[in-house]
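Worksheet: one structure, shown below.
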Amino acid sequence: MTASPPIILAVTGASGAPYAVRLLEQLAAADRRVSLIVSSHGWRLLGMEAGLADPAALRGGVGAARWDRVVTVFDDADRGAAPASGSARSAGMVVCPCSMGTLAAIAFGTSRSLIERAADVTLKERRPLLLVPRETPLSIVHLENMLRVSRAGAVVMPAAPGFYHRPGRVADLVDFIVARILDHLGVEHRLVQRWGEGETGTPGVPDADA
């Protein structure tokens, strides 16, 4: 296992549990340490969309051996936990999925929970912060909050997968977004074929004569 600082992964109540589970699986498979924080609404989401409503279930879904090796779970109500301090090293933070309420709290630095405080710390320490909202349509309030966090240094990465790779399953759409998150975190993966690296130069698009 690498000695790199942990990546903070936060899961909130916006729809998109498959993205969070797949991202956690990939980080564990890459032997990257993870500081996991799930809000109360996040657990409800994981139960509703993935059938993984508590840490034991999520551990089983990810794989017990990998989980025990790399994952540390923190209580979202504990604002004194390690991710709340800038002196605790991290390799960055991802909020996936990121509810609009959480995004707003980050935008205005309210820090009412460990997730919000950890994001605030990530910004002030100039570490990578990726926010993965899944909401449509977007109100002016949402857009202004996204602009605000972007100006503060965060990367807003909406869960909006592409289709040029010709996805055949829902899992392919999930992997598209997870791959982009991993790229921004500097974590190697083989989830998707990169643009220009296929035989035809266009991932997933066959030759015209095929």
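A short reminder: the numbers here are calculations on the coordinates, not readings from a lab. Just so it is clear, the model here is predicted, and its values are computed rather than measured. With ideal geometry, Cβ positions are generated from the backbone for all residues, glycine too; neighbour counts draw on all protein chains shown.
Below is a table of values for the structure above.
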| quantity | calculated |
| --- | --- |
| Estimated Rh, the range 40-117: Kirkwood, alpha-carbon pairs, angstrom | 14.0 |
| Separation of alpha-carbon centers, the range 84-161 and the range 12-27, rounded to whole Å | 16 |
| Per DSSP, loop chymotrypsin sites (Phe, Trp or Tyr not before Pro) in the range 119-177 with at most 12 further Cβ within 10 Å | 163, 164 |
| Estimated [θ] at 222 nm from DSSP helical runs (n ≥ 4, -39500 (n - 2.57)) normalised by residues in the chain, nearest 500 | -12500 deg cm²/dmol |
| Three principal axis lengths of the chain [C-alpha, angstrom, descending] | 61, 44, 33 |
| Contour minus Cα-Cα distance for residue 65 and residue 79 (0.36 nm per residue) | 2.2 nm |
| Contact order normalised by residue count of the chain, Cα under 8 Å, 6+ apart, percent | 20 |
